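All remarks here apply to the structure that follows.
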Amino acid sequence: MKVRTLQKYIRGLLCLGLILVMVSAIAGCAQHSEGKTDTENVLTDNKPIIVEITDPAELEHLWQEYIYDAIYTIGSTWEFHSAQEIDPAVVAQFCWVKYQEENDTANLKTVSEENMSLLFPLADALKYAERYFNLTTLEVSKIPNHYFNPEKQAFVLGKNSEKPKPGYAERNSWGVHPAKVTRGADGTLTVELEHYDTYENRRVDSRQTFTLKERPNGSLYFVEGRREFINNHLVALTGDVKDFPAIDGFDGDLQEIYMVGEVEGKLLLSYTPNNENQSPALMLLNPDNMKIEKKVNLKGSINGTEVEYKGGRLVVRFKDKVLIYRGDLEVENEIPLPGVITAKIDREPQYDQNGFSEVYFGGYDIASDLNRIVYSDEIGVKLVTLEDGKETLLAKTVQPKLPEPSRGAPVGPSYHFSPRFVAGDRKIITTLTGYEWTSGFTFCDLEEGTSRTYDIITEGSFATGAIRYDTGLLFVNEYWPDESVGENNRKTDQYKTFFLDFHTGKVTEIEIGQPGDTGYIRSDHQCYVGQDFAAFVTSKRSGGDRANDRHYLNRIKLETLEPEQEIVSITAAEPHILGVMADGRIVFWYQFNLEEKGICITSTTSASRE
């Protein structure tokens, strides 16, 4: 009995001691946190593992010194786990901003008398790269020459605005603000940012995190970064359409793929990445399940307008040769470009006294017989016969008629751009260049030996460079002045939709009952002309929150030029037309952000089933 009583007494003392220790620890923590603005989140042996920083002065210093300039420079690299993974050209941009904060740029040299961009020495950039990224070297060998001058060993950059940076709690151009900043036990800082869609709706579109390490002297350097987008479920599709989350077998950017043709119900795609470290490719896509069935990588660099399907073959135009592929993506032929053309590509630029280029190359095309090539230079558009090397000038460069300013700039020559064989290779069509717009089109009839100019002005378009089929060009909601009322009365000017037929040369106006909004520059992804059908996008914008915008897919049967309007509607995200199939099905994709996106295919049209 006495033993049991003693055991109870001992247990009581132990409990009392434990309570006193806990009270002491809690009191100590309370005293430790008194008078501080940091918030301790986790305790281990009375030491904080993660501390939230809330002191306005410390947040402002972090924002001004590191974060704000990171948003629009290294923030474009959406995920990196070390500073070595960031594009060195982007690192240099961040360093350039810091250099200008501490140095006068008057002592820096310009690229040339014509190019007033400044040369930022690599040696100076490395000083800031070490300070802010702990980097002692930058890999500059793959940076394009217009960003880095290897001869001068300097980056080519423009002077930044001298405006003061906004504070972390103030509105800024990027709509980005700190959500939470924490410091770990080893001094590592984690900065969590929120990207607003707009300041009006304050909807968080994405979250971005930067991680910085602390040196013994208290300075910081970037070690990690990540941006994650949020699916707010804003996009809604209506109509007979099938929606896929992605193309199975393709992990690139959808903006860099183009439908160039169709073989037995499969889509022929070209992939032309802007990143020079990635290879362009040809792909065969099954639209029924959105799976890539075959992919062939290409060696060399091309853009999205240099792949064409003609005569049952894929034609890929490089700077030194033409590769011919069968519909199954197997190589059929390789044709070297004649020296008269390769000599005109990548020449040193030369300018006249008004700043207009005196050296020009507007691209080339090869006929289906693989024996004729058309190209354009500063002289005009020319036809070369490969068999005998004979060259013929088809149409000259259009010289300015009046020495008057146009849209704030002197009128310069109008060059022929993106020449293409059309109308069964009987004609050549080119786009005439202008200042911030196309000034028209030229048709060269090879059988009759004549040329004709169409005064159709467009903005924001590849025009002839975007030709995929030998049918025609569709112009949707283009500004069309009514010249019948004279120069002083432009009230009857209007936006019209019309079709230019390659075979007949006829321009036909198409009546669009629901044109949607007009007056904005249209892009090539809003229109596609196929073999038997064309498709285009119309929009009704809310004028504020893009989540309330509505976009519509429309279809035209080329045989009758009769429109079938608003067959599919898309809320919030604008559709990008990838192509139109022979049966009238439209393949398109949308992307509100990287998390809310999809690729779709519509049903066939009743006209295609007749």
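The values are calculated or read from the model by the stated rules, or taken from the named source; none is laboratory data. What you are looking at is a predicted structure, and each value in this text was computed from that prediction instead of being measured. Don't worry about glycine lacking a Cβ; one is built from the backbone with ideal geometry, like all the others, and counts go over all protein chains shown. These area figures cover heavy atoms from the full protein model, side chains too; ligands, DNA and RNA do not enter into them. Shrake-Rupley method; radii C 1.70, N 1.55, O 1.52, S 1.80 Å.
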### Query
Based on what the data block shows, is Ser117 farther than 20 Å from Leu62 by Cα, at pLDDT below 95, in the same structural domain as Ala70 (by the TED database) and touching a Ser or Thr at 6+ places or on another chain (Cβ under 7 Å)?
yes
### Filter pass, Val398 being of a type in the set (A, V, I, L, M) and either at pLDDT below 95 or loosely packed, with under 14 Cβ neighbours inside 10 Å (or both)
yes
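Identify the residue in region 197-220 that is touching a residue at least 40 places away in the same chain (Cβ under 8 Å) and more than 20 Å from Val181 (Cα to Cα) and, among all such residues, is surrounded by the most Cβ atoms within 10 Å (Cβ to Cβ).
Within region 197-220, the subset touching a residue at least 40 places away in the same chain (Cβ under 8 Å) is 197-198, 200-201, 203, 205-206, 208, 210, 212-213, 219-220.
The next check asks that each one be more than 20 Å from Val181 (Cα to Cα); those that pass are 197-198, 200-201, 203.
On the way: Asp197: 20, Thr198: 13, Glu200: 9, Asn201: 14, Arg203: 15.
Once the filter is applied, the top-ranked residue is Asp197.
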### Query
Regarding Phe356, is this residue touching a residue at least 12 places away in the same chain (Cβ under 8 Å) and farther than 30 Å from Met259 by Cβ?
yes
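For region 98-108, check the following and say yes or no: at least one residue is in contact with a Leu (Cβ under 7 Å, 6 or more places away or on another chain) and either part of a loop (DSSP other than H, G, I, E, B) or over 30 Å from Arg207 (Cβ atoms) (or both). Show your work before the answer.
Applying the first criterion (in contact with a Leu (Cβ under 7 Å, 6 or more places away or on another chain)) to region 98-108 yields 105, 108.
Then keep just the ones that are either part of a loop (DSSP other than H, G, I, E, B) or over 30 Å from Arg207 (Cβ atoms) (or both); that gives 105, 108.
So far as region 98-108 goes, yes, one or more of its residues are in contact with a Leu (Cβ under 7 Å, 6 or more places away or on another chain) and either part of a loop (DSSP other than H, G, I, E, B) or over 30 Å from Arg207 (Cβ atoms) (or both).
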### Condition broken by Gly327, with the remaining ones in (1) in contact with a strand residue (DSSP E or B) (Cβ under 7 Å, 6 or more places away or on another chain); (2) more than 19 Å from Leu370 (Cβ to Cβ); (3) part of a loop (DSSP other than H, G, I, E, B) satisfied
(2)
### Criterion violated by Glu85 - all others in (1) surrounded by 14 or more Cβ atoms within 10 Å (Cβ to Cβ); (2) modelled with pLDDT of 95 or more satisfied
(1)
## Note on the structure
Apart from one, (1) modelled with pLDDT of 85 or more; (2) open to solvent by 30 Å² or more (accessible area, probe 1.4 Å); (3) not in a strand (DSSP E or B) all hold for Ile456; the odd one out is (2)
